[in-house]
Amino acid sequence: TPFYVYSAATLRRHVQVMREAFAPLDALVAYAKKANSNQAVLKVIADPTRLRLLSLVAAEGTDGEVCVCNLTEPVGLSQPTVSHHMKVLVDAGLLEREQRGKWAYYRLVPDALDALARLVSTVVQPA
């Protein structure tokens, strides 16, 4: 097999050509990742229990927090079930969790509701 020797300038040109050729593919991959992320968040809030739990935490305001022990009664579910729903909300990036001893405390991620509102308005009224 032949062995080719390229100058550094030639290699840089080849790399640049490859970057330009794959730029549309990179944009498509980024769009797909964002779409999947948006779909995941919408799926999370589509559950009525999760939406209620998010509402209960949001009612505490941006500086407030809620213990999981205070969320079981309003939704009428057991603590393990509520904890599962809260974990899903945390994984979606809507809530933050802090463990204190036996109990977990939850608060809104700053600007999470604003981002969620923008997402929902985009879905309802596409640009």
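A few points about this structure:
- Surface share of carbon and sulfur [accessible, 1.4 angstrom probe, percent] for the stretch 72-127: 55
- S7 accessible area, 1.4 Å probe, all protein chains in place, Å² to nearest 10: 60
The values are calculated or read from the model by the stated rules, or taken from the named source; none is laboratory data. Because the structure is predicted, anything quoted here is derived from the model rather than measured. Surface accessibility is based on the protein's heavy atoms, side chains included, excluding ligands, DNA and RNA. Shrake-Rupley method; radii C 1.70, N 1.55, O 1.52, S 1.80 Å.
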